[in-house]
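K.L.:
One structure, pasted below without further comment.
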Amino acid sequence: MRELKYWQALSEGIVQAMERDPSIFMTGIAVDYPSGIFGSTIEATKRFGPKRVFDAPAMENALTGIAVGAAAVGKRPLIVHPRNDFMFLAFDNLLNLATKWRYMYGGKNGIAPIVVRAVVGRGWGQGATHSQSTHAPLAHFPGLTVVMPAFPKDAKGLMMSALKHSGPVVVLEYRTLYDTVGEVPEEPYETPLGKAAVVREGRDVTVVATSFMSYEATHAAAELAKNDISAEVIDLRSIRPLDEETILKSVKKTGRLVVADTSWELCGISSEVAALVAEKGFDYLKAPVRRIALPDCPAPVSQPLEKAFYPTASTIAKAAMVMLGREHGSLGHLDRADTFKGPY
């Protein structure tokens, strides 16, 4: 099967969805710039022109309100935030209107099928205010679907599903992933919302991860295999709805759980998954759950501090080895290098 970069897969999914549905339009800061949000909006701009792909000023809450109104009259808006942090300004219209209309109006004239793309995460000194990942607070609200594609195939498939969904969807894209490569089918397809993926099967420990940490978890599992530790890696893909069945089934098999997230621990997704297993799968556990998340402070700017701040594949692998009483094993290149390949 052919391979595409993450940004190319996103682009193809958007274009194919727009070809399928003429009601879709895309707007946001810099969507029609030559750089095209890491390249992901260039092809759509060429194909559909300024009537369906157009720039927007920095007015996040007003733009979201306009999108909600457009959705209410039959359009399917796709809003793009080059930095997820700016979405805080859009929470009023997104969380008080878009997520609640279906419930408030009994499913009649209350559907807001809008999709919001936002770029999250580490890279070239984004610092405290440009690197946050808001998936946990967003997933707190009923009525909103939140997804975090980690691999190119799901970047396309989840985008196509989001642009066909009947309610509001937030798609969070980790900045470092845009140049990663993976197999992507050419034909249109949809990755189901609310369904996690077992990206590597294992028997000794389950690693449940989100977004870029799913990518890191695959590297960790490969190194653990050299120490005769078989790690099962689950990419959550969907934060809300959360695929409880896949998580519990895996923990029942392995008896151990490491949860790796791209954000903080307190009230975060790592805590939600740990609570799920404590409540519904406690008897499966052979060891306490281990959560891997960001240190409890804002993100730094400098490259050396970023390397110390962000957990990596080695963090995941070491946690698994300690859990299995193998803390003195060798992790090869993971002991010496960060798998992060983003630009600085």
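K.L.:
Would you confirm whether any residue within the range 141-148 is aromatic (Phe, Trp, Tyr) and surrounded by 19 or more Cβ atoms within 10 Å (Cβ to Cβ)?
P.N.:
No, the conditions are met nowhere in the range 141-148.
K.L.:
Determine whether the range 256-275 contains at least one residue that is of a type in the set (D, E, K, R), open to solvent by 20 Å² or more (accessible area, probe 1.4 Å) and outside any helix (DSSP H, G or I).
P.N.:
Within the range 256-275, one or more residues are of a type in the set (D, E, K, R), open to solvent by 20 Å² or more (accessible area, probe 1.4 Å) and outside any helix (DSSP H, G or I).
K.L.:
Related question: Please enumerate the residues belonging to the range 6-32 that are under 27 Å from PHE212 (Cα atoms), touching a residue at least 60 places away in the same chain (Cβ under 8 Å) and open to solvent by 20 Å² or more (accessible area, probe 1.4 Å).
P.N.:
Within the range 6-32, TRP7, GLN8, GLU12, GLN16 qualify.
K.L.:
Shifting gears a bit: For the range 123-132, name all the residues that are buried (at least 24 other Cβ atoms within 10 Å of the Cβ) and either modelled with pLDDT of 90 or more or of a type outside the set (Ser, Thr, Tyr) (or both).
P.N.:
The answer is none; no residue qualifies.
K.L.:
Count, please, the residues in the range 282-322 that happen to be among the aromatic types (Phe, Trp, Tyr) and under 20 Å from LEU177 (Cα atoms).
P.N.:
Number satisfying all stated conditions: 2.
K.L.:
Another question about this same structure. Of the residues that make up the range 40-59, is at least one in a loop (DSSP other than H, G, I, E, B), of a type in the set (Ser, Thr, Tyr) and farther than 26 Å from SER211 by Cα?
P.N.:
no
K.L.:
Now for a separate question. State whether one or more residues within the range 267-290 are of a type in the set (Phe, Trp, Tyr) and free of Cβ contacts under 8 Å to residues at least 40 places away in the same chain.
P.N.:
yes
K.L.:
Can you tell me which residue is farthest from the chain's Cα centre (by Cα) among those in the range 204-230 that are open to solvent by less than 10 Å² (accessible area, probe 1.4 Å) and more than 22 Å from LEU177 (Cα to Cα)?
P.N.:
ILE229
K.L.:
Something else: Residue by residue through the range 63-96, note down the ones that are of a type outside the set (A, V, I, L, M, F, W, C) and open to solvent by less than 20 Å² (accessible area, probe 1.4 Å).
P.N.:
Scanning the range 63-96 gives THR64, PRO77, HIS81, ASN84, ASP85.
K.L.:
So, in the range 279-301, of the ones that are over 24 Å from the mean Cα position of the chain (by Cα) and open to solvent by less than 90 Å² (accessible area, probe 1.4 Å), which residue ends up farthest from ALA196 (Cα to Cα)?
P.N.:
Per the criteria, the residue is ALA287.
K.L.:
Given the conditions (1) part of a helix (DSSP H, G or I); (2) farther than 17 Å from PRO241 by Cα; (3) out of contact with any strand residue (DSSP E or B) (no Cβ under 8 Å at 6 or more places or on another chain), which single one is not true for MET87?
P.N.:
The number of the failed condition is (3).
K.L.:
Let me ask something else about it. Just one of the numbered conditions (1) open to solvent by 10 Å² or more (accessible area, probe 1.4 Å); (2) hydroxyl-bearing (Ser, Thr, Tyr); (3) under 21 Å from VAL184 (Cα atoms) is not true of SER40; which one?
P.N.:
It is condition (1) that SER40 fails.
The values are calculated or read from the model by the stated rules, or taken from the named source; none is laboratory data. This is a predicted model, so every value here is computed, not measured. Note that each Cβ is placed from the backbone with ideal geometry, even for glycine, and that neighbours are counted across all protein chains shown. Side chains are part of the model used for accessible areas, which takes the heavy atoms of the whole protein and leaves out ligands, DNA and RNA. Shrake-Rupley method; radii C 1.70, N 1.55, O 1.52, S 1.80 Å.
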